Each structure stands twice: as C-alpha cells, then as structure tokens.
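Working notes for the structure below.
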Amino acid sequence: MNKISLIKTPDKPTPGYPPMESALIAPPAVEIDPAWTVPSARQCIDWWDDYQMLDNIKAHSMLVAKVAVKLSELRP
C-alpha cells in the first residue's frame, strides 16, 4: 500500500537553506523479482559501450564498484 507523505522542512534546518515543503508524493515501493540476476562486470561494461557512456562517468562508476567490493569484503 502506498502511503502519501509530504516532504517537510526539518524542525531545525541548517541556516540559509530554503524551506523544503513539496506536494510531491513518494514513489511506490520497489518490488524485487527473484528471477532477476545480477549482471557480471563484463555485461555492465558492455552496456556502458552500448549506451555510449562518457569516459569520465565510466571511470567514476568503476571506482564506485571497486569501493563497493572492498566494503563488501570488510563485512563479517
């Protein structure tokens, strides 16, 4: 069930930040399909090429992936 909630300004906002009220409703919850598989690194890189991802974004994405792998290895 999708609850409607409004974005509201915090009780003690950081000085200088504008109010954050919005009439936008939150998107529906993500439904995970167990049939979906995690793509391999090679498949992701192929998609980057297929969609002509910019080189700087490829480099950033690769760095994020490497950090994620390292963090996953730290988890007990």
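Points worth noting:
- Fraction of accessible area attributable to carbon and sulfur, the stretch 21-66 (%, probe 1.4 Å): 65 percent
- Taking amide H atoms as placed 1.01 Å from N in the peptide plane, the amide H of M53 has no partner under 5 Å among residues 5 or more positions away or on other chains.
The values are calculated or read from the model by the stated rules, or taken from the named source; none is laboratory data. Since we're looking at a predicted model, the values are computed, not measured. To get the accessible areas, we keep the full protein, side chains included, count just its heavy atoms, and leave off ligands, DNA and RNA. Shrake-Rupley method; radii C 1.70, N 1.55, O 1.52, S 1.80 Å.
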